[in-house]
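Before any comments, here is the structure.
The values are calculated or read from the model by the stated rules, or taken from the named source; none is laboratory data. Model, not experiment: these values are computed from the prediction. As a convention, Cβ positions derive from the backbone with ideal geometry for all residues, glycine included, and neighbour counts pool all protein chains shown.
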């Protein structure tokens, strides 16, 4: 009972480090109570309270960002409190806010049973915040499952819709299987290391045990790969993205995926740090020979993921399904950073998260608008839609070109940083061809992706319309599309501003 | 011969493989979930065995409590979705739930 | 160690012998004159009809779901109770903090229960769904 000494003294400080999450929990409970107690039409007031809760949480997050905690960990090493974690939490809260805005625009969800909807959405957000800061496998698993279970229910939210139910069932079955397999891997890591510390596997990675450790890590990776929808654990993504209510699709493809990457960072942090921290010769010697093995593993996953995603996306006609495959491909691009495994790659990945959030939620917002107007998800029905909704098509065009990574848009900077990290690594290691080939495959994939993104625009702009849709365009839609477009241009023109922040963030975990 | 850590690990490994086989081969949603439960229990057995025989501290047993808890939550949500699917489709085959374009 | 299991093995063998032995003896002793009436399933004299694989009412599952959740949550309280004994010896404040945490947990559970109750998850006879809980089906092709 050694650890109990000083438990009371530490408690206020530790609690203050999770202030954003506490704010979210209070909001969640308040939403349930409002839903219970208020009579009549409550949809708007509940949405309002949810947004207020997210903003309070954001405010507390900024407070924590500018007044960093004296210690790197809280709750006896259970939680990491560094700027890296705070940055990821910032992305989660921002994307939750954007998803709430999307929800208000979606005819499918709003205003049906929104109390439960926001409760689940904020629960998932809170779970993500804990997931990326977890340094202990119990908390890690608990957060991952809280996130997963909330997502399952959200995916099946429009419960009279067969597609949505199917999506939820598939997501649940694959998700439960993946997390159970991951748990089996964790149990071996626990047996090998004797602790549930998330990075303790480094200490036992010796020639004698390496096979067992790597196998256990592979099992852990299954659970994480499921969240980031990396091939071959992507089966669920197309069906779930197509069947789930569109705001939830946006949420799963952005926040949930980035949370998966955050978890991957937490587990593989020693890989990033061992070559850089000056005083850690021991770790360097231990991990040295394995470094390239990990890089090779991520190289394979990354290449398969982006190639598969892009090639299958070529043949898709359903807009949400196409965006699902495109988001699988983007997971592949981001995984290139995991191959490089250095500070530059980490910065590039964090920047990519930022721009990916705006691009992908924006793309799904356009999908929502098109769904609301036409009630059809098939892109061949969007012929000549530019005549009726020019703003939509222009905004969608900006978002799609940004997803491709073409210069005047923010997506270019994201991809440029990633490729620059890969090429720099190629120039500084003996394995030059290994990294050059990755960069070349990445560029080829970007070219392939241009084809299917432009195909959507071609159908919308060049082909002649079949008939008039006649649903009026509203100013709110212009405003929301403008937000995404401005964010994309901002991240292209003034990309150094967030990049300075990201450099700060990366410094906080990799000295 | 005494029953030691290795026996528990072997039983857990067998359970894990059986669970995986059930997950892969079963077409019925409930059957797949039973397979998932087998895998979870394999992990539970590992945790408890490591905690008890390899003297890895009490953490493993605490973890098992959380796993049981979360497995129950997952099953509850799963059954809710399956009931809903049943109400919508009249079947609980994973294959029947395949109306979206492949 | 292995001999400790000997009595279990004996027990298992005896069980098997008793069960299958009685069945075997019955099979050897009894007369066999099957008629269509005798071959039917025993239903207390009633002529049997239908399949025994009847579908249970879906409402059983709804109640079971709610029960399952609240039943298993109790497991969470178990470690706290064990630790509380140690805490009592160390410091009173510490114990109060632990009790406070458990109290918060229980309060959240109670809110959840009230929510389930209010939303009608515990009702055997469901009230017609309120207009806000029914959404039209949409099928974007």
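Side notes on the structure shown:
- Residue list for segment B:42-57, restricted to those being within 7 Å of another protein chain (Cβ to nearest Cβ), without any contact (Cβ under 8 Å) to a residue 40 or more places away in the chain and buried (at least 22 other Cβ atoms within 10 Å of the Cβ): B:42, B:43, B:46, B:47
- Filtered residue count, segment B:28-44, keeping only those that are in a helix (DSSP H, G or I) and in contact with a strand residue (DSSP E or B) (Cβ under 8 Å, 6 or more places away or on another chain): 1
- Qualifying residue in segment A:389-403 (condition: within 14 Å of chain C (Cβ to nearest Cβ) and either in contact with a helix residue (DSSP H, G or I) (Cβ under 9 Å, 6 or more places away or on another chain) or surrounded by 18 or more Cβ atoms within 10 Å (Cβ to Cβ) (or both)): no
- Sole residue being surrounded by 14 or more Cβ atoms within 10 Å (Cβ to Cβ), within 22 Å of residue A:305 (Cα to Cα) and in contact (Cβ under 8 Å) with a residue 60 or more places away in the chain, chosen from A:435, A:490, A:451: A:435
- Contact map, segment B:17-33: residues that are away from chain A (no Cβ under 11 Å) paired with residues that are assigned to a helix (DSSP H, G or I), Cβ distance under 8 Å, separation 6+ or inter-chain. Pairs shown: B:18/B:35; B:18/B:38; B:21/B:35.
Residues checked against (1) over 27 Å from residue A:476 (Cβ atoms); (2) touching a helix residue (DSSP H, G or I) at 6+ places or on another chain (Cβ under 6 Å); (3) away from chain B (no Cβ under 13 Å); (4) in contact (Cβ under 8 Å) with a residue 60 or more places away in the chain:
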residue	(1), (2), (3), (4)
A:129	yes, yes, yes, yes
A:136	yes, no, no, yes
A:185	yes, yes, no, no
A:191	yes, yes, no, no
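- Any hit, segment A:408-417, residues being touching a residue at least 40 places away in the same chain (Cβ under 8 Å), assigned to a helix (DSSP H, G or I) and more than 22 Å from the chain's Cα centre (by Cα): no
- Here is the figure for segment A:138-149: residues that are over 23 Å from residue A:194 (Cα atoms) and either more than 9 Å from chain B (Cβ to nearest Cβ) or in contact with a strand residue (DSSP E or B) (Cβ under 7 Å, 6 or more places away or on another chain) (or both) total 1.
- The lone criterion from (1) more than 23 Å from residue A:82 (Cβ to Cβ); (2) in contact (Cβ under 8 Å) with a residue 60 or more places away in the chain; (3) crowded, with 20+ Cβ neighbours inside 10 Å; (4) more than 9 Å from chain B (Cβ to nearest Cβ) left unmet by residue A:206 is number (3).
- Any hit, segment A:106-117, residues being within 21 Å of the chain's Cα centre (by Cα) and either in contact (Cβ under 8 Å) with a residue 24 or more places away in the chain or away from chain B (no Cβ under 14 Å) (or both): yes
- Flag for residue A:323 being away from chain B (no Cβ under 14 Å), farther than 15 Å from residue A:233 by Cα and under 19 Å from the mean Cα position of the chain (by Cα): yes
- Matching entry among A:157, A:174 (being more than 9 Å from chain B (Cβ to nearest Cβ), in contact with a helix residue (DSSP H, G or I) (Cβ under 7 Å, 6 or more places away or on another chain) and not in a helix (DSSP H, G or I)): A:157
- Test: residue in segment B:48-70 that is within 18 Å of residue A:243 (Cα to Cα), modelled with pLDDT of 90 or more and out of contact with any strand residue (DSSP E or B) (no Cβ under 9 Å at 6 or more places or on another chain): no
- Residue check, residue B:77 at the interface with chain A (Cβ under 9 Å from one of its Cβ atoms), closer than 21 Å to residue A:160 by Cα, free of Cβ contacts under 8 Å to residues at least 40 places away in the same chain and in contact with a helix residue (DSSP H, G or I) (Cβ under 8 Å, 6 or more places away or on another chain): yes
- In segment B:58-70, residue surrounded by the most Cβ atoms within 10 Å (Cβ to Cβ) [restricted to those that are at the interface with chain A (Cβ under 7 Å from one of its Cβ atoms) and free of Cβ contacts under 8 Å to residues at least 12 places away in the same chain]: B:70
- Being in contact (Cβ under 8 Å) with a residue 40 or more places away in the chain, within 14 Å of chain C (Cβ to nearest Cβ) and crowded, with 24+ Cβ neighbours inside 10 Å is a description that applies to residue A:364.
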